[in-house]
Amino acid sequence: MAGATVGSVVRLDPAADALLPKDAQIEKVAGGFTFIEGPLWRPNGALWFSDVVGNVVRQWSPDGTVTELFRPGGYDGNSLPAGGFNGPNGMTAGKDGTVVLCQHGNRRIVTIGKDMKMTVLVDNFEGKKLNSPNDVVYRSDGTLFFTDPPYGLPKDDSDPAKELKFNGVFKLTNGKLDAIVKDLTRPNGIALSPDEKTLYVGNSDEKHRFWMRYDLAADGTVSNGKVFADVTAEKEEGLPDGMKVDSQGNIFATGPGGLWIFSADGKHLATIKPPEQPANCAFGDDGKSLYMTARTGLYRIKLSVAGEKLPLE
(Lines give C-alpha, C1' and ligand atoms only; values in the text may rest on other atoms or scores of the structure.)
Protein backbone atom coordinates (compact mmCIF):
# COMPACT_ATOMS: atom_id res chain seq x y z
CA MET A 1 0.00 0.00 0.00
CA ALA A 2 1.68 3.19 -1.18
CA GLY A 3 1.77 6.27 1.01
CA ALA A 4 2.15 9.98 0.45
CA THR A 5 5.42 11.15 -1.11
CA VAL A 6 7.38 13.28 1.34
CA GLY A 7 10.87 14.53 2.17
CA SER A 8 13.84 14.65 -0.18
CA VAL A 9 16.98 12.86 -1.31
CA VAL A 10 20.30 14.74 -1.49
CA ARG A 11 22.80 13.08 -3.84
CA LEU A 12 26.41 14.02 -3.11
CA ASP A 13 28.37 11.59 -5.27
CA PRO A 14 27.69 9.95 -8.66
CA ALA A 15 28.02 6.54 -6.96
CA ALA A 16 24.69 7.22 -5.24
CA ASP A 17 22.91 6.68 -8.56
CA ALA A 18 23.82 2.99 -8.45
CA LEU A 19 22.10 2.65 -5.07
CA LEU A 20 19.07 4.92 -5.44
CA PRO A 21 16.89 4.92 -8.58
CA LYS A 22 16.71 8.27 -10.36
CA ASP A 23 13.03 8.56 -9.44
CA ALA A 24 13.40 7.30 -5.86
CA GLN A 25 10.96 9.02 -3.52
CA ILE A 26 10.23 8.72 0.19
CA GLU A 27 6.78 7.40 1.09
CA LYS A 28 5.07 7.71 4.45
CA VAL A 29 3.40 4.36 5.07
CA ALA A 30 2.17 4.75 8.67
CA GLY A 31 2.07 7.33 11.46
CA GLY A 32 0.67 8.37 14.81
CA PHE A 33 3.32 6.72 16.97
CA THR A 34 5.47 8.13 19.81
CA PHE A 35 9.17 7.36 19.12
CA ILE A 36 9.64 4.38 16.85
CA GLU A 37 12.78 2.30 16.42
CA GLY A 38 14.15 -1.18 15.72
CA PRO A 39 12.49 -2.13 12.40
CA LEU A 40 12.78 -5.76 11.33
CA TRP A 41 11.34 -7.29 8.15
CA ARG A 42 9.72 -10.64 8.78
CA PRO A 43 9.42 -13.68 6.47
CA ASN A 44 5.62 -13.33 6.54
CA GLY A 45 5.93 -10.12 4.53
CA ALA A 46 5.40 -7.66 7.37
CA LEU A 47 7.57 -5.26 9.35
CA TRP A 48 7.96 -5.37 13.12
CA PHE A 49 9.04 -2.19 14.91
CA SER A 50 9.41 -0.82 18.43
CA ASP A 51 7.96 2.26 20.08
CA VAL A 52 10.59 3.07 22.71
CA VAL A 53 8.53 5.73 24.49
CA GLY A 54 5.14 4.12 23.88
CA ASN A 55 6.46 0.76 25.23
CA VAL A 56 4.90 -1.22 22.36
CA VAL A 57 6.07 -3.64 19.67
CA ARG A 58 3.93 -3.36 16.54
CA GLN A 59 3.60 -4.97 13.12
CA TRP A 60 2.96 -3.08 9.89
CA SER A 61 1.54 -5.02 6.94
CA PRO A 62 1.76 -3.92 3.31
CA ASP A 63 -2.02 -3.41 3.18
CA GLY A 64 -1.49 -0.61 5.71
CA THR A 65 -2.73 -2.51 8.76
CA VAL A 66 -0.86 -1.83 12.01
CA THR A 67 -1.34 -4.27 14.88
CA GLU A 68 0.05 -4.39 18.41
CA LEU A 69 2.16 -7.44 19.17
CA PHE A 70 3.36 -6.63 22.70
CA ARG A 71 2.17 -4.03 25.20
CA PRO A 72 4.21 -3.64 27.34
CA GLY A 73 7.04 -4.31 24.94
CA GLY A 74 10.17 -3.34 26.84
CA TYR A 75 9.27 -2.52 30.44
CA ASP A 76 6.93 -4.55 32.61
CA GLY A 77 7.11 -2.45 35.77
CA ASN A 78 5.55 0.83 36.85
CA SER A 79 8.30 2.60 38.76
CA LEU A 80 9.91 4.48 35.86
CA PRO A 81 8.60 7.90 34.82
CA ALA A 82 6.16 7.95 31.91
CA GLY A 83 7.43 9.34 28.63
CA GLY A 84 10.97 8.04 28.98
CA PHE A 85 12.90 5.69 26.72
CA ASN A 86 11.72 2.70 28.74
CA GLY A 87 10.32 0.45 26.07
CA PRO A 88 11.60 -1.95 23.40
CA ASN A 89 14.31 -1.03 20.92
CA GLY A 90 16.52 -2.91 18.44
CA MET A 91 15.60 -6.29 16.98
CA THR A 92 17.14 -8.93 14.78
CA ALA A 93 16.14 -12.32 13.45
CA GLY A 94 17.33 -15.44 15.24
CA LYS A 95 17.17 -19.11 14.32
CA ASP A 96 13.98 -20.96 13.42
CA GLY A 97 11.77 -17.90 13.08
CA THR A 98 12.68 -16.36 16.44
CA VAL A 99 13.25 -12.66 17.06
CA VAL A 100 15.80 -11.15 19.45
CA LEU A 101 14.58 -7.94 21.10
CA CYS A 102 16.34 -5.31 23.22
CA GLN A 103 14.31 -4.07 26.21
CA HIS A 104 15.35 -0.80 27.82
CA GLY A 105 13.26 -0.71 30.99
CA ASN A 106 13.68 -4.41 31.70
CA ARG A 107 17.42 -3.98 31.05
CA ARG A 108 17.74 -7.19 29.12
CA ILE A 109 17.62 -8.92 25.74
CA VAL A 110 14.90 -11.48 25.12
CA THR A 111 14.16 -14.09 22.49
CA ILE A 112 10.62 -14.16 21.09
CA GLY A 113 9.61 -17.62 19.96
CA LYS A 114 7.18 -18.58 17.20
CA ASP A 115 4.60 -18.96 19.98
CA MET A 116 5.21 -15.24 20.80
CA LYS A 117 6.54 -16.10 24.25
CA MET A 118 9.57 -14.20 25.55
CA THR A 119 12.62 -15.88 27.05
CA VAL A 120 15.43 -13.93 28.71
CA LEU A 121 18.63 -14.28 26.70
CA VAL A 122 20.91 -12.02 28.77
CA ASP A 123 20.35 -9.46 31.52
CA ASN A 124 23.65 -9.05 33.38
CA PHE A 125 27.40 -8.85 32.95
CA GLU A 126 29.53 -10.40 35.67
CA GLY A 127 26.56 -10.26 38.05
CA LYS A 128 25.74 -6.60 37.38
CA LYS A 129 22.60 -5.50 35.57
CA LEU A 130 22.97 -4.29 32.02
CA ASN A 131 22.20 -0.60 31.44
CA SER A 132 19.56 -0.76 28.69
CA PRO A 133 20.46 -2.89 25.64
CA ASN A 134 19.85 -0.78 22.55
CA ASP A 135 20.70 -2.48 19.28
CA VAL A 136 21.77 -5.94 18.24
CA VAL A 137 23.23 -7.92 15.33
CA TYR A 138 24.05 -11.59 14.75
CA ARG A 139 27.07 -13.04 13.04
CA SER A 140 26.54 -16.17 10.95
CA ASP A 141 28.22 -18.38 13.58
CA GLY A 142 25.55 -17.36 16.13
CA THR A 143 27.63 -14.79 18.01
CA LEU A 144 25.40 -11.91 19.11
CA PHE A 145 26.80 -8.37 19.29
CA PHE A 146 24.91 -5.59 21.08
CA THR A 147 25.27 -2.08 22.47
CA ASP A 148 24.34 -1.04 26.00
CA PRO A 149 24.01 2.73 26.53
CA PRO A 150 22.11 4.15 29.54
CA TYR A 151 19.10 5.63 27.69
CA GLY A 152 16.60 3.46 29.54
CA LEU A 153 17.73 4.81 32.90
CA PRO A 154 15.93 8.05 33.88
CA LYS A 155 19.17 9.81 34.87
CA ASP A 156 21.43 8.11 32.32
CA ASP A 157 25.00 7.73 33.64
CA SER A 158 24.18 9.34 36.98
CA ASP A 159 21.19 7.10 37.66
CA PRO A 160 21.48 5.36 41.04
CA ALA A 161 20.25 2.13 39.47
CA LYS A 162 23.16 1.99 37.01
CA GLU A 163 25.44 -0.87 38.02
CA LEU A 164 28.01 -0.95 35.23
CA LYS A 165 30.65 1.77 35.20
CA PHE A 166 30.81 1.85 31.41
CA ASN A 167 28.51 1.87 28.38
CA GLY A 168 29.71 -1.11 26.43
CA VAL A 169 29.59 -3.13 23.28
CA PHE A 170 29.23 -6.82 24.09
CA LYS A 171 29.41 -10.19 22.41
CA LEU A 172 27.43 -13.22 23.51
CA THR A 173 28.83 -16.57 22.42
CA ASN A 174 27.34 -19.86 23.62
CA GLY A 175 25.97 -18.17 26.71
CA LYS A 176 29.22 -16.39 27.59
CA LEU A 177 29.09 -12.59 27.67
CA ASP A 178 32.19 -10.47 27.06
CA ALA A 179 32.65 -6.70 26.85
CA ILE A 180 34.59 -5.95 23.66
CA VAL A 181 34.40 -2.11 23.70
CA LYS A 182 34.29 -0.02 26.89
CA ASP A 183 35.46 3.44 25.84
CA LEU A 184 32.48 4.82 23.88
CA THR A 185 30.26 7.32 25.69
CA ARG A 186 26.99 6.32 23.94
CA PRO A 187 27.33 3.16 21.82
CA ASN A 188 24.12 2.83 19.86
CA GLY A 189 23.57 1.46 16.34
CA ILE A 190 25.57 -1.63 15.38
CA ALA A 191 26.16 -3.48 12.11
CA LEU A 192 28.50 -5.92 10.37
CA SER A 193 30.14 -5.77 6.95
CA PRO A 194 29.04 -8.48 4.48
CA ASP A 195 32.26 -10.45 5.04
CA GLU A 196 31.77 -10.11 8.83
CA LYS A 197 35.31 -8.79 9.26
CA THR A 198 34.28 -5.25 10.20
CA LEU A 199 32.04 -4.13 13.07
CA TYR A 200 30.43 -0.70 12.87
CA VAL A 201 29.15 1.16 15.96
CA GLY A 202 27.47 4.57 16.11
CA ASN A 203 28.15 6.87 19.06
CA SER A 204 25.03 8.92 19.82
CA ASP A 205 26.55 11.54 22.09
CA GLU A 206 25.64 15.15 21.23
CA LYS A 207 29.23 16.21 21.96
CA HIS A 208 30.81 13.23 20.21
CA ARG A 209 28.75 12.33 17.13
CA PHE A 210 30.61 9.73 15.10
CA TRP A 211 30.67 6.19 13.75
CA MET A 212 33.43 3.72 14.58
CA ARG A 213 34.74 0.78 12.61
CA TYR A 214 36.64 -2.10 14.17
CA ASP A 215 38.47 -5.09 12.76
CA LEU A 216 36.50 -8.12 13.95
CA ALA A 217 38.37 -11.36 14.65
CA ALA A 218 36.97 -14.87 14.41
CA ASP A 219 36.80 -15.08 18.20
CA GLY A 220 34.59 -11.97 18.32
CA THR A 221 37.19 -9.58 19.69
CA VAL A 222 37.85 -6.23 18.04
CA SER A 223 40.98 -4.26 17.26
CA ASN A 224 42.19 -1.25 15.27
CA GLY A 225 39.19 0.91 16.18
CA LYS A 226 38.96 4.01 13.98
CA VAL A 227 36.49 6.84 13.53
CA PHE A 228 34.68 5.98 10.31
CA ALA A 229 32.88 9.33 9.99
CA ASP A 230 32.64 12.27 12.42
CA VAL A 231 29.56 14.51 12.23
CA THR A 232 30.02 16.38 15.51
CA ALA A 233 30.31 19.70 13.68
CA GLU A 234 27.10 19.22 11.67
CA LYS A 235 24.49 21.90 12.28
CA GLU A 236 21.42 19.73 11.71
CA GLU A 237 19.66 17.89 14.51
CA GLY A 238 20.19 14.17 14.93
CA LEU A 239 22.64 11.65 16.32
CA PRO A 240 24.34 8.57 14.89
CA ASP A 241 21.76 5.93 15.73
CA GLY A 242 20.56 2.76 13.99
CA MET A 243 22.26 1.51 10.83
CA LYS A 244 22.30 -1.31 8.30
CA VAL A 245 24.75 -2.47 5.63
CA ASP A 246 23.69 -3.49 2.13
CA SER A 247 24.90 -6.54 0.21
CA GLN A 248 27.69 -4.48 -1.40
CA GLY A 249 29.03 -3.10 1.88
CA ASN A 250 27.51 0.39 1.75
CA ILE A 251 26.40 1.74 5.14
CA PHE A 252 22.92 3.22 5.67
CA ALA A 253 23.17 5.12 8.95
CA THR A 254 20.77 7.51 10.64
CA GLY A 255 22.49 10.74 11.62
CA PRO A 256 22.16 14.53 11.58
CA GLY A 257 19.37 15.64 9.27
CA GLY A 258 18.45 12.24 7.93
CA LEU A 259 19.82 8.88 6.87
CA TRP A 260 23.39 9.01 5.58
CA ILE A 261 24.66 6.60 2.93
CA PHE A 262 28.38 5.85 3.03
CA SER A 263 30.53 3.70 0.78
CA ALA A 264 32.59 1.05 2.57
CA ASP A 265 35.61 3.37 2.45
CA GLY A 266 33.73 6.15 4.25
CA LYS A 267 32.68 8.43 1.39
CA HIS A 268 29.36 10.22 2.02
CA LEU A 269 27.30 9.37 -1.07
CA ALA A 270 23.84 10.71 -0.25
CA THR A 271 21.43 11.68 2.51
CA ILE A 272 17.81 10.51 2.62
CA LYS A 273 15.77 13.15 4.40
CA PRO A 274 12.29 12.15 5.57
CA PRO A 275 10.24 14.94 7.21
CA GLU A 276 11.03 13.56 10.67
CA GLN A 277 14.44 12.65 12.07
CA PRO A 278 14.99 8.90 11.51
CA ALA A 279 16.34 6.71 14.30
CA ASN A 280 16.78 3.38 12.52
CA CYS A 281 16.24 1.50 9.28
CA ALA A 282 15.80 -1.98 7.81
CA PHE A 283 15.66 -3.57 4.38
CA GLY A 284 12.34 -5.13 3.43
CA ASP A 285 9.96 -6.24 0.68
CA ASP A 286 12.23 -7.93 -1.90
CA GLY A 287 15.29 -6.58 -0.06
CA LYS A 288 15.35 -3.44 -2.21
CA SER A 289 13.16 -1.27 0.00
CA LEU A 290 14.55 0.68 2.93
CA TYR A 291 12.13 1.23 5.81
CA MET A 292 12.91 4.08 8.20
CA THR A 293 11.51 4.55 11.69
CA ALA A 294 11.36 8.31 12.33
CA ARG A 295 9.78 9.67 15.49
CA THR A 296 6.02 9.36 14.86
CA GLY A 297 6.13 7.95 11.34
CA LEU A 298 7.21 4.94 9.30
CA TYR A 299 8.76 5.73 5.91
CA ARG A 300 9.98 3.76 2.89
CA ILE A 301 12.17 4.36 -0.15
CA LYS A 302 12.97 2.01 -3.04
CA LEU A 303 16.62 1.09 -3.69
CA SER A 304 18.55 -0.34 -6.63
CA VAL A 305 20.69 -2.56 -4.40
CA ALA A 306 19.59 -5.34 -2.09
CA GLY A 307 20.11 -5.19 1.64
CA GLU A 308 22.12 -7.65 3.63
CA LYS A 309 20.59 -11.02 4.40
CA LEU A 310 20.19 -11.66 8.11
CA PRO A 311 22.59 -14.53 8.81
CA LEU A 312 20.40 -16.70 11.04
CA GLU A 313 17.05 -16.23 9.32
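The values are calculated or read from the model by the stated rules, or taken from the named source; none is laboratory data. Bear in mind that the values here come from a model prediction, so they are computed numbers and not experimental data. Every residue, glycine as well, gets a Cβ built from its backbone with ideal geometry; the counts of neighbours run over all protein chains shown. SASA here: full protein model, heavy atoms, side chains in, ligands and nucleic acids out. Shrake-Rupley method; radii C 1.70, N 1.55, O 1.52, S 1.80 Å.
Anisotropy class assigned to the range 153-205 is oblate, per the alpha carbon gyration tensor with a/c at or over the 1.5 cut-off and a/b no larger than b/c. The heavy atoms of S263 offer some 20 square angstrom of accessible surface to a 1.4 angstrom probe. Let me know the shape class of the range 90-129, please: from the alpha-carbon gyration tensor, a ≥ b ≥ c as square roots of the eigenvalues, rounded when a/c is under 1.5, otherwise prolate if a/b is greater than b/c, or oblate. In terms of gyration-tensor shape, prolate. Per-residue SASA remark: E276, around 40 Å² accessible (1.4 Å probe; ligands, DNA and RNA not included).
Where a ≥ b ≥ c are the square roots of the eigenvalues of the C-alpha gyration tensor, would you call the range 112-237 rounded, which needs a/c under 1.5, or, failing that, prolate if a/b is larger than b/c, or oblate? It comes out oblate by the Cα gyration axes. Using alpha carbon centroids, what distance separates the range 112-137 and the range 193-257, in Å? First find each Cα centre; the distance between them is then 23 Å. Placing +1 on each Lys and Arg Cβ and -1 on each Asp and Glu Cβ, with no other charges, gives the chain a dipole about its Cα centre of roughly 200 debye.
The aspartates and glutamates whose alpha-carbon is closer than 19 Å to the alpha-carbon of K288, local same-chain residues fewer than 8 away aside, are D17, D23, E27, D63, D246, E308, E313. Each of T254, G202, P154 was scored by the projection of its Cα onto the charge dipole of the range 137-283, and the greatest displacement toward the positive side belongs to G202; charges sit on the C-beta of Lys, Arg, Asp and Glu.
The heavy atoms of F166 offer some 30 square angstrom of accessible surface to a 1.4 angstrom probe. Taking only protein heavy atoms into account and a 1.4 Å probe, give the accessible area per residue of the range 111-161 in Å². On a per-residue basis, 46 Å². Per residue, the convex hull around the alpha carbon atoms of the range 166-303 comes to 126 Å³. With the contact rule set at Cα under 8 Å and sequence spacing of 6 or more, what percent relative contact order holds for the range 8-66? Worked out over the range 8-66, it gives 23 percent. Normalised radius of gyration (Cα atoms, divided by 2.2 N^0.38 Å) for the range 47-104: 1.17. When the P(r) of the range 86-173 is calculated, the portion above 20 Å amounts to 29% of the C-alpha pairs. Charged neighbours of K197, selected by a Cβ distance under 11 Å, balance to -1 (K, R count +1; D, E count -1). Ranked by solvent-accessible area (1.4 Å probe, protein heavy atoms only, all chains present), the residues W211, W41 order from largest to smallest as W41, W211. With 0.36 nm allotted per residue and the present C-alpha distance subtracted, the D159-R11 stretch has 49.1 nm of extension available. Our analysis of the range 227-297 gives Rg over Rh at 0.95, with the two radii drawn from alpha carbon positions and Rh computed by the Kirkwood formula. With 32 Å as the limit, the listed pairs K162/K207; K114/K182; K162/K267 have K114/K182; K162/K267 beyond it between alpha carbons. Computed over the chain, relative contact order equals 18 percent, with contacts defined as Cα pairs under 8 Å that lie 6+ residues apart.
For the chain, the convex hull spanned by the alpha carbon atoms encloses 121 Å³ per residue.
In the chain, the portion of solvent-accessible area held by carbon and sulfur atoms comes to 49 percent [1.4 Å probe, whole percent, DNA, RNA and ligands not counted]. Each residue, K22 and T221, gets one label point 7 Å from its Cα in the Cβ direction; the gap between the two is 5.2 nm.
As an exercise, use a Förster radius of 30 Å and the Cβ-Cβ distance of E236 and D183 to find the FRET efficiency, rounded to the nearest 0.05.
The computed FRET efficiency comes out at 0.65.
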